[in-house]
1. Under unit Cβ charges (Lys, Arg +1; Asp, Glu -1), what dipole magnitude, rounded to 20 debye, does the chain have relative to its Cα centre?
2. Within the set Lys122/Lys182; Lys47/Lys165; Lys183/Lys214; Lys214/Lys275; Lys9/Lys60, which residue pairs have Cα atoms separated by over 24 Å?
3. If r is the Cβ-Cβ distance from Ala123 to Glu337 and R0 is 51 Å, what FRET efficiency results, to the nearest 0.05?
4. Give me the distance between the Cα centres of region 162-176 and region 83-160, rounded to whole Å.
5. Carbon and sulfur: what percent of the chain's accessible surface (1.4 Å probe)?
6. Restricting to DSSP H runs of at least four residues, report the calculated mean residue ellipticity at 222 nm for the chain, -39500 (n - 2.57) per run over all residues, nearest 500 deg cm²/dmol.
7. Non-local amide H neighbours of Gly39 (under 5 Å, H modeled in plane, Pro and chain starts lacking H): which ones?
8. For region 1-152, evaluate the Debye formula with one uniform point scatterer on each Cα (no solvent term) and list log10 I(q)/I(0) at q = 0.15, 0.17 Å⁻¹, rounded to two decimals.
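The values are calculated or read from the model by the stated rules, or taken from the named source; none is laboratory data. Because the structure is predicted, anything quoted here is derived from the model rather than measured. A quick note on method: Cβ atoms are made from the backbone with ideal geometry, for glycine too, and the neighbour counts reach across all protein chains shown. Surface areas here come from the heavy atoms of the whole protein model, side chains and all, with no ligands, DNA or RNA. Shrake-Rupley method; radii C 1.70, N 1.55, O 1.52, S 1.80 Å.
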Amino acid sequence: MMDLDLSPKLPKNVYGGNGGSYLAWNPSDLPMLKAGNIGAGKLALEKHGFALPGYSDSAKVAYVLQGCGTAGVVLPEKEEKVIAIKKGDAMAIPFGTVTWWFNKEDTDLVVLFLGETSKAHKAGEFTDFFLTGSNGVFSGFSTEFLCRATDLGENDVKALVGNQKGSGIVKLDPAFQMPEPKKEHREGMALNCLEAPLDVDIPNGGRVVVLNTKNLPLVGEVGLGADLVRLDGSAMCSPGFSCDSALQVTYIVRGSGRAQVVGVDGKRVLEVTVKAGSLFIVPRFFVVSKIADPDGMEWFSIISTPNPIFTNLAGKTSVWKALSPQVLQAAFSVAPEAEKLFSSRRNSDAVFFPPPN
C-alpha cells in the first residue's frame, strides 16, 4: 500500500446516450479503490433523462451534487418509494435495492455514488444489473422461460422484452407522466446535508454534517458513514486520522485547496491541489489535512464504518491536549518553556482553524 498512487483522479464515461451518462472511477487509474474495496461513480441525467430500474452488487451512499429530480427505491420485499430529491440530499442504498432516477428539469441532475465492494464481482468497481433494456436481465432468458414466469403469450413477451432498445439511460417523451413523489416516502430515506443540523460550526472556519445511524438509519445496513464538509476561504481542516481502521473516500464538490497526507514512518505520501470533481482516498490510519483556497472548498466523504471515530492532532480537544506536560517534553525532547508555548497555542476547535490574521 505504501507505493500506491494516492493522487486525485477524475471519472471516465462508462455508458449513456441522449438522456445522460454514467461515469466511474477505475481502479487502474486510482489503485486505492481496489486496495480499499471502494467503488465510485456519477450519474448525470439531462432533461427527461431516465436511468432504468436496476440494482448493483454493492451497497452505496448516494449524494445529489446538482439539480433536482425523482428517485424510485424498492428495498428487498418492500413497496416502491418515490422520493423527490434535490442538491444536498444523501441516501443510503443497501444491497439488493432496486432504484431508478428521473430528471424533468432543465438543469442536469447529477448524483454521486460511493460504496463498498468487498462483495462485488470486481474489487473497486460497481457492477450494475438492469431489469429492462437491451442489456436487461430479462433479455438473457429464453422466450419459454419468460412466458412461464410472466404468464404471458410469446408475442406479448417478445414485445415486453424487445421494445426498449436503450440500455442503462434513456430519454423519455416530454409528455410521458412519471409517478409523482410522495412526501411521506422521503422520511428515513434521504437527508439533506445542506439543511440538516450542523455537527460542527466554526465561524470563519467551516461546517460539518455527519451521516450516521441516528439521522439516516439505513447507513447501518450499508455499513458506511458519510459527511459533508464546507471549509471557508483559506481555513484549515485539522490534521487527523480515523482511529477505527476506516478508509476516507473524498469527492471535492466545490472549490479547491491543498491537501497533505502523511503515512508510515512520518513520510508525506501526498501533497496536491485538489479541485472540484476529483476523488481521492486516504488509507487507514494515515493523517490528512487540508487548507482551502480563498474561495473555500466543499467535499463529501464516505468512511468505511457507519459511526466513524476520528482523532485530531491539533486544537483544544486534540491528543496533544490530553497528554501530560512531562510526556510532551520527553516526546519532543524540548525544555518546559517550549512545551508550554506549544500547549498554550492553538486552543481553538479541533476540527477547523480560521485563516491567520
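1. Values: 35 positive and 38 negative charges, 147 e Å.
Taking the Cα centre of the chain as origin, the dipole is about 700 debye.
2. Values: Lys122/Lys182 36 Å; Lys47/Lys165 19 Å; Lys183/Lys214 20 Å; Lys214/Lys275 31 Å; Lys9/Lys60 20 Å.
The pairs that break the limit, which is 24 Å between Cα atoms, are Lys122/Lys182; Lys214/Lys275.
3. The pair Ala123/Glu337 has a calculated efficiency of 0.45.
4. 13 Å
5. Looking at the chain in its full context, I get 53 percent from C and S.
6. Rounded to the nearest 500, the figure is -3500 deg cm²/dmol.
7. Gly115, Glu116, Thr117
8. For region 1-152, the Cα-only Debye profile gives -0.84, -1.03.
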